[in-house]
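The values are calculated or read from the model by the stated rules, or taken from the named source; none is laboratory data. Predicted model, so just to flag it, every value in this text is computed and none were measured. When we count neighbours, we look across all protein chains shown, and the Cβ atoms used for this are built from the backbone with ideal geometry, even at glycine. Note: areas computed on protein heavy atoms with side chains; ligands, DNA, RNA excluded. Shrake-Rupley method; radii C 1.70, N 1.55, O 1.52, S 1.80 Å.
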Amino acid sequence: MRQLRCAWLLLVLGVVPAFSQSGPAQSSSIKTSGFSVVETLQVDATDAPRKVFHAKLTIPVTAGDFVLLYPKWMPGEHGPTGPVVDTAGIYFRTNDRVLTWHRDPVDMYAFHVDVPQGVTSIDASLDYLSPVEMPGGFSAGSSATEKLAVLSWNWLVLYPKGHGSDDVGVKASLKLPSNWQWGSSLPHSSSAAGAVDFALASLTTLVDSPVLMGQYFKKVPLQVGQTPAHELDIVADSSAALEMMPQQTKAFDNLVAEAGALYGARHYRQYHFLLTLSDHVAHFGLEHHESNDSRVGEGYLTDPTQWTLGASLLPHEYTHSWNGKYRRPAGLATAGYDVPMEGNLLWVYEGLTEYFGYVLTGRSGLQTPEQWRDQIAQIAMTYSHRPGRKWRSLEDTATAAQTLYEASEAFTNYRRSVDYYDEGALIWLEADTIIRQKSGGKKSMDDFAHLFHGGQNTPPAVKTYTFEDVVNTLNQVQPYDWRGFLTERILKVAERAPLGGITNSGWLLVYTDQPNAIAKMREQQGRGFDATVSVGLVLTKDGAVMDAIEDGIAAKNGIGPGMKIVAVNGRKYSQEFLIAAMREAQKSHQPMQLLVENTEYYRTISLPYFDGPQFPHLIRDESKTDLLGDIIKPKVTTAPAPVTGAE
Ligand SMILES: [Zn+2]
C-alpha cells in the first residue's frame, strides 16, 4: 500500500523485529474448490454515482444465535480498516420473514442473527455508503464519481464466524451502469452489457480482486504474447484523460519485463494494473496478488509533472505481488479478517517493496536517472532531519503501523510516521551496495529477489517468512553480518539516517540554494514549500505550518504546526518571498520578521536564520564506482523517450 496524500513526505520504511516468529515458513496456495461454506453475493453498482452500493447475499446457516462477520483487518492496509461504519440497510430474511439481529457489544464487526429452527440458509442484504469526502481512507475512502467507481468486495460481504477466508467460497455477480466497462483479475464465467457473473472463488481471492469500472475505460495489453497475460486497465473522469503517449505505454511495458527479470518468476494467473484517474477519489495504491488498485489525479497521463511525481506508484504496487502477497511476514498472513495483524516486519513488506519499486521505476524509464536521484535526495533529506529518530526505532514505526497511517501530519518529524517505507528503502539500498562491493560486482539484491521471491512460475500462493529467513537469504547471497546490520539500523534506535547506500554508490548528499527538479515540480503542483533544512518548516502554499522540525530554528523561536506565516518582512507570505527573505538575511545578517497567526492571535517573530535556502541534491563522488547508475540501468529493455513538458 502507498499513501499519496502526504504533501511532502515520500514514504518511509519501518522494521519490526521478528525474533518471536522463528518457526518454519508456512505455505498455502490459491483455493478454487473444496470450501466449507459457499455463499452467493449479488452486487448492484448501478447507484455508484450516488455513492451507494447494494448487495444481496445467500448464506448457509444453522439455527440459533448465528454470528456473521464483516471484514475488519484488511490485507495491505495493515490495520482494522474495514468500513463497517459505512454500512446501512442491513436485513436478514428467510423466505419473506425478517429475522431479528443485534450487534455484538464488544466486536463491532460481528452480527448475531436469530435463526429459527429448521432454517439452513438466509438471505442478507446490505448497502455500502461510499464516502463523499476526498481525503484519506484507502479502499474505504472516496471510490465513486459520476463516471467511474472502484468496487472493493469487502465493503459488501458477511461470512460465518469460525471460518478462515480460504474456506469460504463466494459466487459473485455484479450489475453496473450499462454504458460502463469493467476490469478485474477475478475470473468470470459470463459477461454482458451491465452484468458480470464471476467464477466461484475463495473469500480471500474475492476480497483480493477489486473491480474497476467506468464510462471512460481503456484496456492496454502489456508484454503481448507473454504468459501469464498482463493488462493495464485505466478508468478516468474524461476520455481526454485516457490519452497516453507512446513512451508511457513503453514504460509500463518495460515495467512488466523488468519485474520478470528482477524476480525470475511470476506468481499470478494473469495480472491487471487497475488505474483510476480522478480528482474526486481517495489517492493511494493498494496491492493485490493479481492486480493493484492505484488511484491518481485525472491529469496523471497528460500532465508530465503528475506523471513524474507519481512514477513509482505502479512499480511499488506491482512489486507487492511478489513481496507482500507471495512472500509475506508470518504476522501479516492471518487466517481471516477478524484476526489482528502484526506489522513488525513491514520494513520488509513495505520497505523492500519501496526499494524494488524505485529500482523498477528507474529500470523501466518511468523517471529519468536525474529525476530518480532527485527523489532519493528528497528522501535522504527528510530522514536526515527527523528528531523522532532519537527516541523511536524504525521497527517501532512498523509495529505501530495501524496507528500511524491516519496520524496527523503535524509533528510527523518528532512522532515519526510510516517511516518504514522510505527509510527502509534507504537501508535496502545500502544492503544492495554492500552485496555489490563485497562480491566484486558479481551479486546484488537482484540475486536476493531471485532466491526469496522467484523459483518457478506459480498461481497465487503465500509463503510466510520471519526475520531469520531474511537474514539467512541475505547470507546466502553474500556472507556478512546481516543480523548486526539490520539490528543497528532497524531494531535499535538509530539517530543518524542510513545514508550509507548513497555514499557507497558513489554519490554525496549536498544542499544548495537551488531546488532540484522534483522539488520544483512539487511547488508547481501547489504542494507547498519544504524548508526542512533551512528554517525547519514544512509549509503549505499559503504559509500554513504543516510541520516544524522539533530541533529547528523556527521551532526554537516559537513556531509550531497549526500556525500560519501571514507575512515575511512585512509582505504577504509566498514561497518566493520567503526564499528572497532568506537570501537577504544571508547578506545583511539581520533576522527575518515573520508575522505569525496562531488561534486568532498575531505575533511577529524575529528569526535569526542566516544560511540561505537549502535544497537537497546528489552529486557524484568520482572516487567511487557509480553503483546507483548500475542499479537503475535497464536489464532487458531500452529506455523510452522522457515524458517532458514539466520543469
Ligand atoms: Zn505498499
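None of L404, L352 is without any contact (Cβ under 8 Å) to a residue 40 or more places away in the chain and either touching a strand residue (DSSP E or B) at 6+ places or on another chain (Cβ under 7 Å) or open to solvent by less than 10 Å² (accessible area, probe 1.4 Å) (or both) except L404.
Comparison of Q593, Q586 shows that the only residue that is open to solvent by 60 Å² or more (accessible area, probe 1.4 Å) and assigned to a strand (DSSP E or B) is Q593.
Across the stretch 104-151, what is the total count of residues that are under 30 Å from H288 (Cα atoms) and surrounded by 14 or more Cβ atoms within 10 Å (Cβ to Cβ)? Number satisfying all stated conditions: 30.
Matching residues to (1) in a loop (DSSP other than H, G, I, E, B); (2) over 25 Å from T334 (Cβ atoms):
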{"residue": "E423", "(1), (2)": "no, yes"}
{"residue": "T433", "(1), (2)": "no, yes"}
{"residue": "R436", "(1), (2)": "no, yes"}
{"residue": "K443", "(1), (2)": "yes, yes"}
{"residue": "H450", "(1), (2)": "no, yes"}
{"residue": "G455", "(1), (2)": "yes, no"}
{"residue": "P459", "(1), (2)": "yes, no"}
{"residue": "V471", "(1), (2)": "no, no"}
{"residue": "Q476", "(1), (2)": "no, yes"}
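Pairing each residue of the stretch 234-261 that is without any contact (Cβ under 8 Å) to a residue 24 or more places away in the chain with any residue that is open to solvent by 30 Å² or more (accessible area, probe 1.4 Å), provided the two are 6+ apart or on different chains, yields C-beta distances under 6 Å for S239/Y216.
What strands (runs of 3 or more DSSP E) completely inside the stretch 161-230 contain at least 3 residues that are of a type in the set (S, T, Y) and modelled with pLDDT of 95 or more? Break it down into steps so the answer makes sense when it comes.
Details: elements: 168-175, 181-183, 188-192, 195-198, 211-214, 216-222.
Answer list for the stretch 161-230: none.
Give the residue that is nearest to A449 (Cα to Cα), with candidates limited to residues of the stretch 313-342 that are aromatic (F, W, Y) and over 13 Å from the mean Cα position of the chain (by Cα).
W322
Among the conditions (1) in contact with a strand residue (DSSP E or B) (Cβ under 7 Å, 6 or more places away or on another chain); (2) surrounded by fewer than 18 Cβ atoms within 10 Å (Cβ to Cβ); (3) of a type in the set (V, I, T), V170 misses just one, which is (2). Candidates in the stretch 522-554 are the residues that are surrounded by fewer than 22 Cβ atoms within 10 Å (Cβ to Cβ) and part of a helix (DSSP H, G or I); of these, the one that is modelled with the highest pLDDT is I553.
A quick yes/no check of all residues on (1) under 26 Å from P228 (Cβ atoms); (2) away from the ligand (no atom under 16 Å from the Cβ):
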residue	(1), (2)
E258	yes, yes
H267	yes, yes
L274	yes, no
F284	yes, no
Q306	no, yes
L309	no, yes
R328	yes, no
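Suppose the filter is touching a Cys at 6+ places or on another chain (Cβ under 7 Å), away from the ligand (no atom under 16 Å from the Cβ) and acidic (D, E); does E395 pass it? If you could, list the steps in order and put the result at the bottom.
Values: touching a Cys at 6+ places or on another chain (Cβ under 7 Å): no; away from the ligand (no atom under 16 Å from the Cβ): yes; acidic (D, E): yes.
Spelling it out, it is not the case that E395 is touching a Cys at 6+ places or on another chain (Cβ under 7 Å), away from the ligand (no atom under 16 Å from the Cβ) and acidic (D, E).
What pairs come out if I take residues in the stretch 533-548 that are more than 16 Å from S408 (Cβ to Cβ) and pair them with residues that are of a type in the set (S, T, Y) and at pLDDT 95 or above whose C-beta lies under 6 Å away, six or more apart or interchain? Cβ pairs passing all conditions: V533/Y511; V535/Y609; G543/Y573. For the stretch 286-304, the set of residues classified as hydroxyl-bearing (S, T, Y) and away from the ligand (no atom under 13 Å from the Cβ) consists of S291, Y300, T302, listed by residue number.
Considering only residues that are closer than 21 Å to P498 by Cβ and more than 10 Å from the ligand (Cβ to nearest atom), which ones fall in the stretch 330-351? Of everything in the stretch 330-351, those that are closer than 21 Å to P498 by Cβ and more than 10 Å from the ligand (Cβ to nearest atom) turn out to be G343, N344, L345, W347, V348. Looking at the stretch 26-36, can you tell me whether even one residue there is open to solvent by less than 60 Å² (accessible area, probe 1.4 Å), over 30 Å from Y349 (Cα atoms) and not in a strand (DSSP E or B)? No.
Note on the stretch 126-182: residues that are of a type in the set (V, I, T), in contact with a Leu (Cβ under 6 Å, 6 or more places away or on another chain) and closer than 15 Å to T46 by Cα total 1. Inspection of the stretch 377-399 identifies no residue that is closer than 27 Å to S29 by Cβ and not polar (S, T, N, Q).
Applying the criterion of being farther than 15 Å from V538 by Cα and among the charged types (D, E, K, R) to the residues of the stretch 393-414, the residue that is modelled with the lowest pLDDT is E406. For N516, the criteria (1) open to solvent by less than 10 Å² (accessible area, probe 1.4 Å); (2) touching a Pro at 6+ places or on another chain (Cβ under 7 Å); (3) farther than 30 Å from Q371 by Cβ hold in every case but one, which is (3). W73 satisfies every condition listed in (1) aromatic (F, W, Y); (2) closer than 21 Å to L404 by Cα; (3) open to solvent by 40 Å² or more (accessible area, probe 1.4 Å) except (3).
Checking each residue in the stretch 206-233 for being farther than 13 Å from L151 by Cβ and of a type in the set (V, I, T) picks out V220, V224, T227.
Within the stretch 243-256, the set of residues being away from the ligand (no atom under 16 Å from the Cβ) and either in contact with a Leu (Cβ under 7 Å, 6 or more places away or on another chain) or open to solvent by 30 Å² or more (accessible area, probe 1.4 Å) (or both) comprises E243, M244, M245, P246, Q247, Q248, T249, K250, A251, F252, D253, V256. Quick check on A567: is it small (G, A, S) and assigned to a strand (DSSP E or B)? The answer is yes for A567.
Kindly indicate which of K556, K492 is within 30 Å of A333 (Cβ to Cβ) and either charged (D, E, K, R) or in contact with a strand residue (DSSP E or B) (Cβ under 8 Å, 6 or more places away or on another chain) (or both). Spell out the reasoning first.
Working: K556 fails: within 30 Å of A333 (Cβ to Cβ).
Checking each option against the conditions leaves just K492.
When the test is whether a residue is in contact with a Leu (Cβ under 9 Å, 6 or more places away or on another chain), more than 22 Å from E395 (Cβ to Cβ) and open to solvent by 20 Å² or more (accessible area, probe 1.4 Å), Q476 passes it.
Among I579, I619, which is the only one that is assigned to a strand (DSSP E or B) and in contact (Cβ under 8 Å) with a residue 24 or more places away in the chain? Steps first, please.
Numbers: I579 fails: assigned to a strand (DSSP E or B).
Just a single option satisfies the conditions, and that option is I619.
So if I check each of R363, R392, which one is touching a helix residue (DSSP H, G or I) at 6+ places or on another chain (Cβ under 6 Å) and of a type in the set (K, R)? Matching residue, one of R363, R392: R363. Looking only at the stretch 181-202, filter to residues that are hydrophobic (A, V, I, L, M, F, W, C) and open to solvent by 20 Å² or more (accessible area, probe 1.4 Å); which one of those is farthest from D233 (Cα to Cα)? Among those residues, the one meeting the criterion is L200.
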